[in-house]
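The structure appears right after this line, and notes come after that.
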Amino acid sequence: MPPRDWPLDGFASRPATSHHDGTPLCPVPGPNGSQPADSIGVPARLTMWQAVRQSWLIHPDWTVADHLGWLDDEGYDTGTLTGDPAEVVGRWLAEHRRAAPVASLADDPRVYVVAGGDMVAVFDSADEADVMAVTMTAAHLEPVSRCLTEAQWEQAHAVLRAQLPHVTVTDARPTRAAGAS
């Protein structure tokens with residue numbers, strides 16, 4: 001279909017095709033300067049798992065609800081998933097995070113932080129953090145996961161204690177004194 005908005009009205013005719021979201025196709029060099037690319041047909045549709053992986057790579061900060069909303073907007077039928085769609089997508093996201101390469105330097109240890117509801121949990125393992133994220137997702141808490149350096153976590157923890165003292169912080173790293181703060 002033609003693009004919804006065409007900024008060149010009056011200067012160039014509206015193209016016959018657009019991206020799925022209604023935006024004009026990307027400009028490419030043409031005989032008279034830049035012009036919208038020619039349509040190459042309809043690409044094969046991604047599976048839901050592939051679509052979630054793609055959207056996670058583009059938007060690593062999205063919650064499970066964001067991914068489910070995007071899937072619905074793109075015409076995927078999440079009702080066909082086996083089990084609760086939020087749990088399934090949460091599990092997929094945990095798998096994607098676990099498989100993602102994380103640069104880790106010996107002198108720059110990583111801290112994996114998972115926050116949901118009024119709880120923040122800290123781990124030294126991405127796998128343990130992923131388990132917590134899936135658990136929080138199943139409890140409909142829409143967790144946020146971050147990988148920080150030790151120094152970044154210490155700074156974030158100080159701000160958290162000062163601005164949100166009611167939040168429970170559990171440091172599950174064996175190298176730290178166990179307990180909540």
Fully extended contour minus Cα-Cα distance, from Trp70 to Ser34, at 0.36 nm per residue: 9.8 nm
From the phi of every residue in region 50-62, what ³J(HN,Hα) in whole Hz does the Karplus formula 6.51 cos²θ - 1.76 cosθ + 1.60 yield, where θ is phi - 60° and glycine or proline is x? 5, 5, 5, 4, 4, 5, 5, 5, 7, 10, x, 8, 5
Extension reserve of the Met1-Arg146 stretch, reckoned as 0.36 nm per residue once the Cα distance is removed: 48.2 nm
With a 10 Å Cβ neighbour count serving as the proxy for reagent exposure, in which order, fewest first, do Thr149, Thr135, Thr175 appear? Thr175, Thr149, Thr135
For Cα extents along the principal axes in Å, calculated from these coordinates, the label among [x] 49, 42, 36; [y] 53, 38, 30; [z] 67, 39, 31: [z]
Let's see if you can work this out: charge +1 on each Lys and Arg Cβ, -1 on each Asp and Glu Cβ, no other charges. What is the dipole magnitude of the chain about its Cα centre, in debye to the nearest 20? 180 debye
Take peptides 136-144, 162-170 and line them up by average Cβ neighbours within 10 Å, highest first, as a rough protection proxy. 136-144, 162-170
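No value in this document is a laboratory result; all are computed from the given coordinates. No experiment lies behind these values; they were computed from the predicted model shown. Glycine gets a Cβ as well: all are built from the backbone with ideal geometry, and neighbour counts include every protein chain shown.
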